[in-house]
Amino acid sequence: MLRDKKRVFRGYSYTQCDEFADYLTEMARKGWKFASFGLGLCFERTEPSEEVYDVQVFLKNSEMDTAPEPDTEEFAEYCAAAGWEMVDSSRRFVVFRRIKEDSVPIVTQEEKLANVFQAERKKQLSDLGTNLIVTANLFFQAYMNPRIWLFQRYLPWLLVVAAVTFLIDAIRLLTLFGWHVDKKKELAVFGEVSCRGSFWQKVYPKVRYLEAAFCLFALIVSFWNQPVVWVSIVLIAVFILAIGEGRPSRSENWAIQIGGSLAFVFVIFIVALAVVMSGPSKRVVKEESEMPLTIAEFPGTTDEIKVNDIYHSKSLLGEMWAYDVESSGKTFLDYELYRSKYPWVIHMVWRSNTRYVKENAIEDNAQWNVPTVSYVADRESYQYVLGYDFVLRLHTSKEPTAEEVLLIKRELGLAESSDR
């Protein structure tokens, strides 16, 4: 029955192996016997008892292990002779329950400290490397696509969180070496070592959970209308459930993760291709009347209007507007306006917008009085305008006249910025 079983989501580092054992012993006193690993720690209801647990860090195991491997079973046979029964194992953790009153320690204190330090160092180096790749990729994406990453409400904070996470993990790795030195001194003085968590070690997992929750929230809010995001979340959840509940062997886990990653890329590619083939997605999140400049403000536009894109977003770094509307008379107005008080943001957006401008583009500053790049393709006019605190990408059915340029500058509030 479900009430006779429960699952606890609680994480421990290898340097907390003694604290982990203390927790299992305390749960046994409350009538909950540790049964297995899985998605969390799985307990079964039983009579309260004074079970004694020992959590070993076994270096022949791998971070890819979700269940006992042959080497683990062999280690368990050796420990059984010493009076300890293996309950379960996951990653490099192996949980033992004492079965003999005259049991002897499984390893010496020196071996225990060495095993814990080596396992934790490998784990933290791996985490730091992964965070470096993720953080570098996020900042690269922000550099290549500042129009997306710098003006969405939460995405700049996502960059901050990624950078802070990497910094925290780097500091955590450095403090591990200090911890090792302190424990060697403790071993020399007292003849034994206690692997229980400090305040920081207890807080760290909670910080990481909050970071993960915020990152997920930021991505969902920023890309809620993108099917790729939702498909990615579902696929990742399926992988986690398959590995956590299925508990494959090490080789199976590798196969699942490699095959799953390839399948993930393939599915995302198919979804992205389907989105592209279906045409541009609309982001009508603003009333047209709320936009600073609309097609109706241009003289002679009386035809039926078709809205392709009306969008506005604001972040701590600036604000952007996107407007794409066409009339049945083949007249259209398509612009993106970016404003920021930070010059480096403005120049990143300018570089991103003009990176792929055609080679025959010309600088045409006469009407705008600021750096302007213009070119004509298929009889349609494209202009990129750089101001003191703005970047404007303007795409119209014909090159705007001097009067229309004045109208655009006035309605978008660019006159003052252009004159600085």
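Since every read-out is calculated from the coordinates, none of them should be taken as a lab result. Note that the structure is predicted; figures quoted are calculated from it, not measured. Reconstructed Cβ throughout: ideal geometry from the backbone, glycine too, with neighbour counts over all protein chains shown.
Numbers at a glance
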read-out	value
Over 30 Å (Cα to Cα) - which of LYS30/LYS206; LYS202/LYS341; LYS5/LYS185; LYS306/LYS341; LYS100/LYS123 fall in this group	LYS202/LYS341; LYS5/LYS185; LYS306/LYS341; LYS100/LYS123
Simple label model, 7 Å out from Cα along Cβ direction - VAL203 to ASN145, nm	3.5 nm
Full-extension gain in nm, SER381 to LYS60, via 0.36 nm per residue minus C-alpha separation	109.0 nm
Principal axis box of the stretch 2-98, alpha-carbon based, largest edge first, Å	35, 28, 24
Cut-off 20 Å (backbone N to label point 7 Å along Cα→Cβ of ARG121), residues of the stretch 67-104	92-93
Inter-label distance, nm, simple model (7 Å from Cα along the C-beta direction), LYS184/SER249	3.9 nm
Net length gained if the chain between LEU128 and VAL8 were fully extended (0.36 nm per residue, minus Cα distance)	40.5 nm
ASP22-ALA82 FRET efficiency (beta carbon distance; Förster radius 30 Å; 0.05 resolution)	0.90
Distance from the stretch 119-169 to the stretch 14-47 (C-alpha centre basis), Å	34 Å
Reach of LYS33 by Cα under 16 Å, taken over aspartates and glutamates that are not fewer than 8 positions away in the same chain	ASP4, ASP22, GLU44, GLU47, GLU50, GLU51, ASP54, GLU85, ASP88
LEU24, LEU159, LEU241 arranged by Cβ crowding within 10 Å, fewest neighbours leading	LEU241, LEU159, LEU24
Residues of the stretch 5-47 with amide N under 18 Å of the 7 Å Cα→Cβ point at GLU111	17-18
Neighbour-limited loop hits for GluC sites (Glu not before Pro), the stretch 1-72 (at most 16 other Cβ within 10 Å; DSSP other than H, G, I, E, B)	GLU50, GLU63
